[in-house]
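Next up is a structure, given as structure tokens.
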Amino acid sequence: MPTFGSPFGETLPSGAAGPLEMTRRQFLGRSGAGIGSAALAMMLAGGAGARPAGLPSGVRAIAPKAKRVIMLTQAGAPSQIDLFDHKPGLVPLRGQLIPDSVRMGQRVTTMTSGQPQRLLPSQFAFAQHGRSGAWLSELVPHTANIADEIAIVKTVFTEQINHAPAMTFFQTGHQIPGRPCLGAWTVYGLGSDNHDLPGFVVMVSKDVERTCDQPLYEHLWSAGFLPAEHQGVKLRAGRDPVLFLPNPPGVTREVRRGQLDDLTALNTAHHDVTGDPEIAARIAQYELAFRMQVSVPDLVAIQSEPDETFDLYGQAARRPGSYGANCILARRLAERGVRFIQLYHVGWDQHRHLPEQLRIQCEHTDQASAALVLDLKRRGLLDETLVVWGGEFGRSPVGQGDIDSPDHGRDHHPRCFTMWMAGGGIRPGISFGQTDEFGFNIASDPVHIHDLHATILHLLGIDHERLTFMSQGRRFRLTDVSGAVVPGLLA
């Protein structure tokens, strides 16, 4: 009898629904037709992305602390040296070449490979905040106000030094596109708590005053080789948050329901013959889209929020598509039980004009990021919502260009950078890990991207080593062949 892959490192018998209902030319053409029907019935009963209640024995790492995740993804690499990793010892070393014993052959990009590697301390003032005494820059005063709610992780690292592979690695655990992202793995493993909205929602903010752009690609929220219904659904700013979701003029909801019933019947008949999982995913997505025609307009109506909401998030949040507006939407999605919510904000790639552009970026994002944490807390949602803030890598303590000119910037730095986390089982009010006196290398408690992913899944109650999917003849997992939960981050 043939066997089929399970998401939890187990083997399913041929009569159970798995990621592929048939293999080997659909198991000689016809023998597995009943498998497709069973899988389709489960999808339509539970909604897109839904899984049966409970995880198989051995998959749960612990009782889950978090029900959902909100990722505040800062594309382009925020400068930890200027925001979170206070290094006053760099001040007397300003302009000196970084010692070879510290650099240890660290690769730099072609943008700085031809210039002297001169140390550059931050020009921004730092101060201690909260009971924790966390050192934070003057550029993030609102984040400073929630210092006792967050864990500041100063020792995240990656092997990737260029944006596209680093962001791909940050999202999928691998530098080459094609693998499922963290959001897709999460929804694949846990399903959705809302029948009328996708389990995984993505938003990309659009602010009026742009600094330096960084391209984003749809593979960053792709399901990869997982079933297609687990990919992220992107909400757009403007009149149509999801393209082609409204009915065309003259088409009533009753007419659309009839069309979908007929289409479902045709697709189901084809699915029973071929067992193609893409057909089942398509049917489930059609049904979800039909329900979203009612749920999405209510979701995105943030102008119905009271004035105090915009006082908290900032008045820029009244503008659709702004980072602040998307943070409010993230909270509304969390209230509705959406499993994984991801915001992207570009503009952190400060190779030039760093003093001016970094200030602008923080003005766009600092208040709304902190407001989201406070808003979740006052609504009783923070304890069950894991919030993660950070980019694909950091910025070097070495300056780029003429460090005496306001035109200067900083190059990429994957060896150590800072992220912060809040809620959902995270230990609050800590600064985790230490970098060396130059802010160039990790001195203690390194956190690899795979460790970060393992910890996030652990807080959701999943053993990252058991959440697997059979593809191309072997089992894949988000953390590849490494990764470990970071106990020091857990409450």
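Only the coordinates and a few stated rules stand behind these numbers; no lab work does. A quick note: this is a predicted structure, and the numbers were derived from the prediction, not measured. Cβ atoms come from the backbone with ideal geometry, glycine included; neighbour counts cover every protein chain shown.
Rounded, prolate or oblate for segment 245-346? Axes are the square roots of the Cα gyration tensor eigenvalues, ordered a ≥ b ≥ c, and the cut-off for rounded is a/c under 1.5.
Taking the square roots of the gyration eigenvalues as a ≥ b ≥ c, segment 245-346 is prolate.
Next up: Compute, for the chain, the length of the dipole vector about the Cα centre, with Cβ point charges of +1 (Lys, Arg) and -1 (Asp, Glu) only. Units Debye, rounded to 20.
Working: 45 positive and 49 negative charges, 168 e Å.
For this selection, approximately 800 debye.
Where does the Debye-calculated log10 I(q)/I(0) of the chain sit at q = 0.05, 0.12, 0.14 Å⁻¹, using only Cα point scatterers of equal weight, no solvent?
For the requested q values the scattering log ratios are -0.20, -1.06, -1.35.
Going by alpha carbons, how many degrees (0 to 90, nearest 10) lie between the helix axis of 277-299 and the longest principal axis of the chain?
60
Taking neighbour Cβ counts within 10 Å as the exposure measure, how do SER396, SER405 sort from fewest upward?
Listing SER396, SER405 from fewest to most nearby Cβ atoms yields SER405, SER396.
Roughly what angle does helix 163-172 make with the longest principal axis of the chain, taking Cα atoms, 0 to 90 degrees, to the nearest 10?
It works out to around 50 degrees.
Taking amide H positions as placed 1.01 Å from N in the peptide plane, with prolines and chain starts having none, which residues 5 or more places from PHE476, or on another chain, fall under 5 Å of its amide H?
Close amide H contacts, sequence-distant or interchain: PHE469, MET470, SER471.
For GLU308 and ARG239, FRET efficiency with R0 = 25 Å and r from the beta-carbon atoms, rounded to 0.05? It would help to have the intermediate numbers written out before the result.
Details: r = 27 Å, r/R0 = 1.07.
Efficiency computed from Cβ-Cβ geometry: 0.40.
Efficiency by 1/(1 + (r/R0)^6): what FRET value for GLU356 and ASP261, r their Cβ-Cβ distance, R0 = 60 Å, to the nearest 0.05?
My answer for the efficiency is 0.55.
How far apart, in nm, are two points set 7 Å out from the Cα along the Cα-to-Cβ line at THR252 and at GLU437?
Label at THR252, label at GLU437, 7.9 nm between them.
P(r) for segment 303-382, please, calculated from all Cα pair distances in 5 Å bins and given in %.
3, 14, 25, 23, 17, 9, 5, 3, 0
Taking every pair of alpha-carbon atoms in segment 76-126, what share in percent sits in each 5 Å bin, from 0 to the bin with the longest distance?
The calculated distribution, bin by bin, is 4, 17, 22, 27, 22, 7, 0.
Using only Cα atoms, find the angle between the long axis of helix 323-335 and the longest principal axis of the chain, and express it within 0 to 90 degrees, rounded to the nearest 10.
Between helix and principal axis, roughly 40 degrees.
Using a 7 Å offset from Cα along Cα-Cβ at ARG107, what residues in segment 163-198 end up with backbone N under 16 Å from the label point?
Label zone hits: 163-170, 174-177.
Would you grab the residues whose amide H sits under 5 Å from the one on VAL233? Only those 5+ places off in sequence or on another chain, please, with H modelled 1.01 Å from N.
Long-range HN contacts for VAL233: PHE200, VAL201, VAL202.
Along the positive direction of the dipole of the chain (beta-carbon charges: Lys, Arg +1; Asp, Glu -1; about the Cα centre), which of GLY130, LEU358, ALA330 reaches farthest?
Farthest towards the positive end: ALA330.
Please list the non-local residues whose amide H lies under 5 Å from the amide H of THR418, H modeled 1.01 Å from N, same-chain partners needing a gap of 5 or more.
GLN80
Could I ask something else about it? Once you've got the Cα coordinates, tell me which of LYS65/LYS206; LYS67/LYS87; LYS67/LYS234 are over 30 Å apart.
LYS65/LYS206; LYS67/LYS87
Another question about this same structure. Apply the Karplus curve 6.51 cos²θ - 1.76 cosθ + 1.60, θ = phi - 60°, to the phi angles in segment 83-99 and return the couplings in whole Hz, x for Gly and Pro.
Values, residue by residue: 10, 10, 9, 5, 10, x, x, 6, 4, x, 9, 3, x, 6, 5, 5, x Hz.
Right, here's the next one. Rounded to the nearest Å, what's the spacing between the alpha carbon centres of segment 108-123 and segment 372-428? Just the number, please.
21
Hey, another quick one. Looking at segment 151-209 from every direction and averaging, what is the projected area of its Cα convex hull in nm²?
Quarter of the Cα hull surface area: 7.0 nm².
Tell me whether segment 150-304 comes out rounded, prolate or oblate; compute the Cα gyration tensor, take square roots of the eigenvalues as a ≥ b ≥ c, and use a/c under 1.5 as the rounded threshold.
oblate
Using a/c under 1.5 as the rounded threshold, could you call segment 73-168 rounded, prolate or oblate? The axes a ≥ b ≥ c are square roots of the C-alpha gyration tensor eigenvalues, and prolate needs a/b larger than b/c, oblate otherwise. Let's see the in-between values first.
On the way: a/c = 2.32, a/b = 1.40, b/c = 1.66.
It comes out oblate by the Cα gyration axes.
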